[in-house]
Amino acid sequence: QHLTGTLVLSVFTAVLGFFQYGYSLGVINAPQKVIEAHYGRVLGVIALDRHATNASGEDGTVPSTIPSTIPSTILSTEAWGSPEGMLTPPADTGEDLSASPHILTMYWSLSVSVFAIGGMVSSFTVGWIGDRLGRVKAMLVVNVLSIVGNLLMGLAKFGPSHMLIIAGRAITGLYCGLSSGLVPMYVSEVSPTALRGALGTLHQLAIVTGILISQVLGLDFLLGNDEMWPLLLGLSGVAALLQFFLLLLCPESPRYLYIKLGKVEEAKKSLKRLRGNCDPMKEIAEMEKEKQEAASEKKVSIGQLFTSSKYRQAVMVALMVQISQQFSGINAIFYYSTNIFERAGVDQPVYATIGVGVVNTVFTVISVFLVEKAGRRSLFLAGLMGMLISAVAMTVGLALLSQFAWMSYVSMIAIFLFVIFFEVGPGPIPWFIVAELFSQGPRPAAIAVAGFCNWACNFIVGMCFQYIADLCGPYAFVIFAILLLLFFLFAYLKVPETKGKSFEEIAAVFRRKKLPAKSMTELEDLRGGEVA
């Protein structure tokens, strides 16, 4: 089973959707101060650097990224006695001192996390739109959302910028929610069984590449400055346009054509394009088998997924891997890494953040090869354990920073290790393991529920982390360490190995965990078969 030009083009085009998702996740990180300052001017509140006081409580110096329009007296924490180095309005506005900074924190947190609300809303419509329009057409249509959302952000300076950015982030979120369901669906359906895991990890590779590029472009001498930030925010619209035109060249998923539409000839044509000149009949036979199973297996609604005891274990695992991906604290690092490095006393925190992006990308490439060799379960467990140790080290480093200057290196190394371990397991695996846990009937509902769960957790972390960080300071990652321990225990007890197994064997694992090998109904034994 080899790669053909068409297969490469199709997979590349599809994962451009995940590239945009990564770009949108990372882009908001670097220009935080510039945009906050702009919001401040629009709203008549002046933004003070949030970490003007470092962890040891001495007066910090004013970072150079703050627009020079703000007189430095306002920025000095001594003058304001603001212990957190919070956002503080200038004296002459006579506003209520406690209200204004919170308005900025709220608008900022919303700008970051409203993106995930869009994703939550749209993740439920993925199955429907994918079946109605076909995988390729659906991806074409949803690109319109991306282009509109990116235009709104690109034009943010010409209107009430905080509103335009929040609207633009919400609409690109809608796009990314649809895309994060359609892309794995399409990629898993066009890739040959032998390459399924490796091509499945490309989703994560596209995400981290997007994050990295958004961080590099966010450097203040490129686009992360007061003039250019709207362009920076709206730039993933270029990827949307590219994807739009490339999709016109991609074949429709043969599985969709055959199983959903019953168009045998078109499915063969599509397979020939994807596989080169090898005989499509073997795969057609597999699809025929799958089609009969799909026919004997009724569509499972989201309600049934939760009420039927048959799926309960698998659903629990599917949701927990998503929750552990988001609540591991990785988003906190992506959203606020520049901030964390600043607390750790790095002179040029932005470059350290880009370092994280590079490490992230390198290890995602490595995980593409690992995932077919080492197995999903072992990598997932190893990743969680490594992240747990890193989170503890990071906390210790940040907490003791005021006593020992060298502790800043400890917390920095811990951040890098945290990211590496994330990319080994909890990063890529949740995206494709859900599709592997379920057969044809319950799969669309399961993917929708898992997607919604992923986005909802993303939103909660994005909305709350800034407040938690202001409240707990260096101890914020203790919370994540505790969660990581719980996730590790759950995964150890419940998550099955899915590498190289047919869906039937995986379903059997769940049944074994639930009941002793009583005679199962024949239908249940027929259930997974070789579904790819």
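Anything in the range 111-133 that is over 17 Å from the mean Cα position of the chain (by Cα) and assigned to a helix (DSSP H, G or I)? List them, or say none.
Result: Gly127, Trp128, Ile129, Gly130, Asp131, Arg132, Leu133.
Considering the range 147-170 alone, what residues qualify as being open to solvent by 30 Å² or more (accessible area, probe 1.4 Å), in contact with a Phe, Trp or Tyr (Cβ under 9 Å, 6 or more places away or on another chain) and in contact (Cβ under 8 Å) with a residue 60 or more places away in the chain?
Ile147, Lys157
Determine the pairs where a residue that is open to solvent by 60 Å² or more (accessible area, probe 1.4 Å), located within the range 121-138, has a partner that is charged (D, E, K, R) with Cβ atoms under 9 Å apart, the partner being 6 or more residues away or on another chain.
Hits for this filter: Lys137/Glu252.
Can Ala294 be described as more than 15 Å from the chain's Cα centre (by Cα), in contact (Cβ under 8 Å) with a residue 24 or more places away in the chain, buried (at least 16 other Cβ atoms within 10 Å of the Cβ) and assigned to a helix (DSSP H, G or I)? Spell out how you get there, then give the answer.
Working: more than 15 Å from the chain's Cα centre (by Cα): yes; in contact (Cβ under 8 Å) with a residue 24 or more places away in the chain: yes; buried (at least 16 other Cβ atoms within 10 Å of the Cβ): yes; assigned to a helix (DSSP H, G or I): yes.
Answer is yes for this residue.
Confirm whether Leu232 is in the same structural domain as Phe115 (by the TED database), closer than 24 Å to Ser161 by Cα and open to solvent by less than 80 Å² (accessible area, probe 1.4 Å).
Working: in the same structural domain as Phe115 (by the TED database): yes; closer than 24 Å to Ser161 by Cα: yes; open to solvent by less than 80 Å² (accessible area, probe 1.4 Å): yes.
It is true that Leu232 is in the same structural domain as Phe115 (by the TED database), closer than 24 Å to Ser161 by Cα and open to solvent by less than 80 Å² (accessible area, probe 1.4 Å).
For the range 364-379: of the residues being out of contact with any Asp or Glu (no Cβ under 9 Å at 6 or more places or on another chain) and open to solvent by less than 30 Å² (accessible area, probe 1.4 Å), which is farthest from Leu485 (Cα to Cα)?
Only one residue tops the list, namely Val368.
Take the range 477-519 and flag every residue that is surrounded by 13 or more Cβ atoms within 10 Å (Cβ to Cβ) and either modelled with pLDDT under 50 or closer than 30 Å to Phe341 by Cβ (or both).
Phe477, Val478, Ile479, Phe480, Ala481, Leu483, Leu484, Leu485, Leu486, Phe487, Phe488, Ala491
Just checking, which of Val356, Val317 is assigned by the TED database to the domain that holds Met412 and either more than 23 Å from Val392 (Cα to Cα) or outside any helix (DSSP H, G or I) (or both)? I'd like the intermediate steps shown before the answer.
Values: Val356 fails: either more than 23 Å from Val392 (Cα to Cα) or outside any helix (DSSP H, G or I) (or both).
Checking each option against the conditions leaves just Val317.
When the residues of the range 240-255 are filtered to those that are assigned to a helix (DSSP H, G or I) and open to solvent by 10 Å² or more (accessible area, probe 1.4 Å), which remaining residue is nearest to Lys272 (Cα to Cα)? Write out each step before concluding.
Keep residues of the range 240-255 that are assigned to a helix (DSSP H, G or I), which gives 240-247, 254-255.
Next cut, open to solvent by 10 Å² or more (accessible area, probe 1.4 Å) only: 241-242, 244-246, 255.
On the way: Leu241: 27, Leu242: 25, Phe244: 23, Phe245: 22, Leu246: 19, Arg255: 13 Å.
Among residues in the range 240-255 that are assigned to a helix (DSSP H, G or I) and open to solvent by 10 Å² or more (accessible area, probe 1.4 Å), the one nearest to Lys272 (Cα to Cα) is Arg255.
Conditions: (1) under 26 Å from Gly127 (Cβ atoms); (2) in the same structural domain as Phe438 (by the TED database). Gly329 meets all but one. Number of the miss?
(1)
I'd like the full set of residues that are of a type in the set (A, V, I, L, M) and open to solvent by less than 20 Å² (accessible area, probe 1.4 Å), limited to the range 171-192. Don't jump to the end; show me each part of the working.
Just the residues of the range 171-192 that are of a type in the set (A, V, I, L, M), to begin with: 171, 174, 178, 182-183, 185, 187, 190.
Across the range 171-192, the qualifying residues are Leu178, Leu182, Val183, Val187, Val190.
The values are calculated or read from the model by the stated rules, or taken from the named source; none is laboratory data. Note that the structure is predicted; figures quoted are calculated from it, not measured. Note that each Cβ is placed from the backbone with ideal geometry, even for glycine, and that neighbours are counted across all protein chains shown. Ligands, DNA and RNA are excluded from the accessible area calculation, which covers all protein heavy atoms including side chains. Shrake-Rupley method; radii C 1.70, N 1.55, O 1.52, S 1.80 Å.
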